[in-house]
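Take a look at the structure set out below.
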Amino acid sequence: MKIWTLILTAFPFMTFAQVTESKRLIDSLRFVREMPYACEVLLDVNTPYNRDTMIYNIGCGDKYFWQVVKGKQEVIPLLLDKLDDTTRTEASVPYFGGQYTVADIAYTTLQEIIKDIPTFDLLKIKFDTNGCGYCSYWNYLRKDVKNRLKFKVAVVDWYDKNKPNLFWLKSNQFLTFDTSGFNHPNGGHFELKK
């Protein structure tokens, strides 16, 4: 019940039906089977090319992920709330192994909505621990659930502090993976004023 109060307080312009829809979207994260990582357009000569539907191609992330991303500002409090949800999903972590948790997907979704969240500053670890690069993120969060809880607190604090300085920028830039030729489902993202 606490999260409902938080959402309705944070977004008084939202109706109960909008809050319910946002919660339904967030709950669908557990069904994600593929996260965006290396999106390539695979053209079938028998299928007309449609830039808006090709986003669900191999390596591009599945529809559940992108539906939540389209929630923009309305889903941010719910995503923040999910940052400690260790429910495993069927989505495999490319290059590093293991499965995404709902928390991992929620964080990646936040990163697709808000540009340049300082992940490693918030984790309070080095990016390149023992030469593994981004695997230090996965190793740290998987090591102990307390690490996830500390990370959640740090992300929530960062968002609360920076929320007044976020502005919407129209863009087709994807923030969590490299691709081109697609229209971003959000049509933009939040950035910090400089």
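Find all pairs meeting these conditions: Cβ atoms under 7 angstrom apart; at least six residues apart or on different chains; first residue within region 175-188 and farther than 11 Å from residue 38 by Cα and assigned to a loop (DSSP other than H, G, I, E, B); second residue aromatic (Phe, Trp, Tyr) and at pLDDT 80 or above. From residues that are farther than 11 Å from residue 38 by Cα and assigned to a loop (DSSP other than H, G, I, E, B), the pairs are 184/174; 185/66.
When 157, 85 are checked against the criterion of being surrounded by 15 or more Cβ atoms within 10 Å (Cβ to Cβ), free of Cβ contacts under 8 Å to residues at least 60 places away in the same chain and under 18 Å from the mean Cα position of the chain (by Cα), a single residue qualifies: 85. Do we have residue 170 as surrounded by fewer than 17 Cβ atoms within 10 Å (Cβ to Cβ) and without any contact (Cβ under 8 Å) to a residue 40 or more places away in the chain here? Taking the combined requirement at face value, the residue satisfies it.
Is one or more of the residues making up region 102-121 farther than 20 Å from residue 174 by Cβ and at pLDDT 95 or above? So far as region 102-121 goes, yes, one or more of its residues are farther than 20 Å from residue 174 by Cβ and at pLDDT 95 or above. Which one of these is within 12 Å of the chain's Cα centre (by Cα), surrounded by 14 or more Cβ atoms within 10 Å (Cβ to Cβ) and either within 21 Å of residue 72 (Cβ to Cβ) or free of Cβ contacts under 8 Å to residues at least 60 places away in the same chain (or both): 125, 114? Sole residue among the options that is within 12 Å of the chain's Cα centre (by Cα), surrounded by 14 or more Cβ atoms within 10 Å (Cβ to Cβ) and either within 21 Å of residue 72 (Cβ to Cβ) or free of Cβ contacts under 8 Å to residues at least 60 places away in the same chain (or both): 114. Of all residues in region 174-186, those satisfying the criterion of being farther than 18 Å from residue 119 by Cβ and either modelled with pLDDT of 95 or more or surrounded by 13 or more Cβ atoms within 10 Å (Cβ to Cβ) (or both) are 179, 182, 184, 185, 186. Residues considered: 190, 120. Of these, the only one that is in contact with a strand residue (DSSP E or B) (Cβ under 6 Å, 6 or more places away or on another chain) and of a type in the set (Phe, Trp, Tyr) is 190. Filtering region 92-105 to residues that are buried (at least 21 other Cβ atoms within 10 Å of the Cβ) and out of contact with any helix residue (DSSP H, G or I) (no Cβ under 7 Å at 6 or more places or on another chain) leaves 100, 101, 104.
The values are calculated or read from the model by the stated rules, or taken from the named source; none is laboratory data. All figures in this text were calculated on a predicted structure; none of them were measured in a lab. As a convention, Cβ positions derive from the backbone with ideal geometry for all residues, glycine included, and neighbour counts pool all protein chains shown.
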